[in-house]
1. Would you work out which of Phe169, Val158, Leu16 lies farthest towards the positive end of the dipole of the chain? Charges go on Cβ: Lys and Arg +1, Asp and Glu -1.
2. Tilt of helix 243-256 relative to the longest C-alpha principal axis of the chain, in degrees (0 to 90, nearest 10)?
3. Would the chain count as rounded, prolate or oblate if I go by the C-alpha gyration tensor, calling it rounded below 1.5 in a/c and otherwise prolate when a/b exceeds b/c, oblate otherwise?
4. In this model, which of Lys30/Lys237; Lys30/Lys70; Lys144/Lys250; Lys140/Lys237 are farther than 21 Å apart at the alpha-carbon?
5. For the stretch 79-196, what relative contact order do you get, as a whole percent, if you take Cα pairs closer than 8 Å and at least 6 residues apart?
6. Quickly rank 28-41, 116-129, 93-106 as a protection proxy: mean count of other C-beta atoms within 10 Å, highest first.
7. For the pair Ser38 and Asp180, how long in nm is the line joining their label points, each one 7 Å along Cα→Cβ?
8. Heavy-atom accessible area per residue, the chain, 1.4 Å probe: how many Å²?
Amino acid sequence: MVEDGIKPDGVTFISLLSGCSHVRMVNEGKIFFNRMRSDFGLNPTLEHYACLVDMFGRAGRIEEALEIVKKMPLKPSGSVRGSLLNSCRLYGHISLAEAIAKLLFEIEPTNPGNYVMLSNIYANAAMWDKVNLVREEMEKRGLKTEAGCSWVQIKDRVQSFVAGGGFEFRNSNEFKRTWDELMGKMEESGYRADTGVVLHDIDEEMKVEWVCGHSERLSTVFALVHTGSGLPIRVTKNLRVCADCHSWMKYVSEVSRRKIILRDTNRFHHFDQGKCSCNDYW
Ligand SMILES: [Zn+2]
Ligand SMILES: [Zn+2]
């Protein structure tokens, strides 16, 4: 852009910084952030700071991310602190997560996303008493989480599934045949369900059953049943994909030899031959 004489604006830098964040180019991102003001006379806004904090936090450099939040000239918004909380989730920093969540609950008392994030952090550490406390707090405040839902288009028809639903399809022979064949091949390839993403203190077998009912899996199997071999599968989801579904999709792309493009609330994931374009970093 600059070589062609086009002046980048604030939006250009948001794209650039979030791009750097997703591919772990922290040092380059920091240089771009500094160049905003020095080379282009643009003052970073809260969105730019949120990208910067996210970039350091995702790369595991949480101390530096915290320093940025402390020193930034603007009052840190919910999204800046939310980025920090997400980094704590990625790296399992529980006491820091608790401190950040406390602040977030003060500035955004009705945002269920923050409660769910904290509850996820506790669940990953098997701290079920704390998970229950967060859930109770949500109930007290009348906050509800959005149900997981995904869509897949087959020719001119859109099929949607909610998490734990789709029983008509799940009880069909074509589903059972495809699912069993898929799981057999995937387990041979080394896939094991990661049940840490399930937020309830229930036994392992139940947890496997729960993650298997995540809507993007139902959409994917639906597409496998209803489209010819070799055709790519495109799934859209209303929430962020969980770690186990992400791993599941990679195996499906390998054993079914299909490309799967999953769009979640954060980004596009292109699964192909057992790998994802995000390099497991999302
Ligand atoms: Zn999932
Ligand atoms: Zn991915």
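1. Checked the options; the winner is Leu16.
2. Taking the Cα atoms of the chain, the angle to 243-256 is about 50 degrees.
3. oblate
4. Lys30/Lys237; Lys144/Lys250; Lys140/Lys237
5. 16
6. Going from most to least packed, we get 116-129, 93-106, 28-41.
7. Using points 7 Å along Cα→Cβ, the separation is 6.5 nm.
8. Details: 15150 Å² over 282 residues.
Accessible surface, normalised per residue, equals 54 Å².
The values are calculated or read from the model by the stated rules, or taken from the named source; none is laboratory data. Remember, predicted model here, so these are calculated numbers, not experimental data. FYI the Cβ positions are ideal-geometry reconstructions off the backbone, even for glycines, and counts take in every protein chain you see. Remember, those area values only see protein heavy atoms, side chains included, never the ligands or the DNA or RNA. Shrake-Rupley method; radii C 1.70, N 1.55, O 1.52, S 1.80 Å.
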